[in-house]
Amino acid sequence: MNYFAGIDAGSTYVKVAVLNEEGDLAGHQHRPTGIDAAGHARTMLDSIMERIGHPTSRIGAIMATGYSRRIIDVAEDTITEIRAHAAGARMTAPDGTQIRTVIDIGGQDSKVIVLGDDGETENFVMNDKCAAGTGRFLESLARVLELEVSELGPLSLESTAPAAINSTCVVFAESEVISLVARKTPRRDIVAGIHESLAKRIGGMARKARFESEILLTGGGGLNPGIVQALEDELMTDIHLPLHPQLNGAIGAARIALGKD
Ligand code: ADP
């Protein structure tokens with residue numbers, strides 16, 4: 001049996017997905033991008049294949065995507081993140097759902113991709129200019145609150161009175177958070193306010209892209225249940241989550257390596 005790999009070299013994390021010939025997910029890993037995305041990609045490929053029990057040479061094709069895709073020397077070719085996420089959605093969407101919009105929240109950018117009936121990209125809106133609409137916003141504000149990003153979602157779901165965060169810039173939002181802390185606003189309410197603020201930004205992008213249901217949330221933002229809820233409230237519709245939201249782009253790239261899309 002041969003294998004096919006997709007590498008999503010994002011600004012924050014490098015993700016690797018390996019599919020078997022049938023297109024099933026055979027293994028995956030991710031680690032922070034750091035300063036050697038290409039080295040991390042090679043190490044993770046070897047380690048995934050070792051776990052599967054075959055040499056890395058059994059990988060028939062490797063496709064890279066993501067912000068740093070061009071430095072992934074182990075890949076034969078590259079595709080855009082938009083194409084990778086559209087392809088990933090075809091496999092990662094819950095059974096029986098026809099996804100019409102993919103919202104991807106990454107570390108340094110976020111995207112809204114609207115898909116046609118055939119699953120091909122019809123329209124997209126991307127924000128890579130301002131950290132306020134991205135995972136970086138959450139990382140910076142989590143630091144101010146002395147929380148891990150993985151703690152944000154569960155904490156915000158406990159809030160019944162989200163604080164208002166009005167600044168649309170990370171630097172000013174940090175000052176707002178510091179002043180809310182000084183006024184003894186509970187952290188859960190501050191975090192819920194941070195999620196609402198991010199959801200408003202992404203909601204604006206989704207409306208600009210003329211989003212349609214059903215919606216799939218991908219990227220590291222999909223690991224945060226507080227963001228899922230805030231986006232559902234903002235867009236007034238349910239949001240679907242893949243089993244591995246952060247892996248969607250890597251899975252899409254692997255599907256294209258396999259020739260499935
Ligand atoms: P990129 O592709 O740009 O590298 P990712 O899709 O990997 O970005 O998403 C990174 C973002 O995901 C981080 O900025 C952070 O906000 C969020 N994130 C990462 N891990 C977690 C986690 N365990 N829980 C909640 N959020 C997370």
message = Exactly one of these conditions fails for residue 216: (1) buried (at least 22 other Cβ atoms within 10 Å of the Cβ); (2) out of contact with any Pro (no Cβ under 7 Å at 6 or more places or on another chain). Give me its number.
response = (2)
remark   = The condition of being within 16 Å of the ligand (Cβ to nearest atom) and under 20 Å from the mean Cα position of the chain (by Cα) holds, among 192, 206, only for 192
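Take residues that are surrounded by fewer than 20 Cβ atoms within 10 Å (Cβ to Cβ) and within 13 Å of the ligand (Cβ to nearest atom) and tell me which of the strands (runs of 3 or more DSSP E) falling wholly in the range 1-40 contain 1 or more.
Details: elements: 3-9, 13-20, 25-32.
Of the strands (runs of 3 or more DSSP E) lying wholly inside the range 1-40, those with at least 1 residues that are surrounded by fewer than 20 Cβ atoms within 10 Å (Cβ to Cβ) and within 13 Å of the ligand (Cβ to nearest atom) span 25-32.
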query = Residues in the range 150-163: is at least one under 24 Å from residue 215 (Cβ atoms), touching a Leu at 6+ places or on another chain (Cβ under 8 Å) and surrounded by fewer than 16 Cβ atoms within 10 Å (Cβ to Cβ)?
reply = yes
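Residues 127, 123: which one is crowded, with 16+ Cβ neighbours inside 10 Å and either closer than 26 Å to residue 10 by Cα or of a type in the set (Ser, Thr, Tyr) (or both)? Don't jump to the end; show me each part of the working.
On the way: 123 fails: crowded, with 16+ Cβ neighbours inside 10 Å.
Criteria check complete, one pass: 127.
Would you be able to say whether some residue in the range 215-226 is more than 16 Å from the ligand (Cβ to nearest atom), touching a strand residue (DSSP E or B) at 6+ places or on another chain (Cβ under 7 Å), part of a helix (DSSP H, G or I) and at pLDDT 95 or above? Break it down stepwise before answering.
First, pick out the residues of the range 215-226 that are more than 16 Å from the ligand (Cβ to nearest atom): 215.
Going one step further and asking which of them are touching a strand residue (DSSP E or B) at 6+ places or on another chain (Cβ under 7 Å), we end up with 215.
Then keep just the ones that are part of a helix (DSSP H, G or I); that gives none.
Checked the range 215-226: no residue is more than 16 Å from the ligand (Cβ to nearest atom), touching a strand residue (DSSP E or B) at 6+ places or on another chain (Cβ under 7 Å), part of a helix (DSSP H, G or I) and at pLDDT 95 or above.
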query = Which one is nearest to the ligand (Cβ to nearest atom) among residues in the range 227-253 that are surrounded by fewer than 24 Cβ atoms within 10 Å (Cβ to Cβ) and closer than 14 Å to residue 198 by Cα?
reply = 228
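The values are calculated or read from the model by the stated rules, or taken from the named source; none is laboratory data. Keep in mind that what you see is a predicted model, and the values were worked out from it rather than measured. Note that each Cβ is placed from the backbone with ideal geometry, even for glycine, and that neighbours are counted across all protein chains shown.
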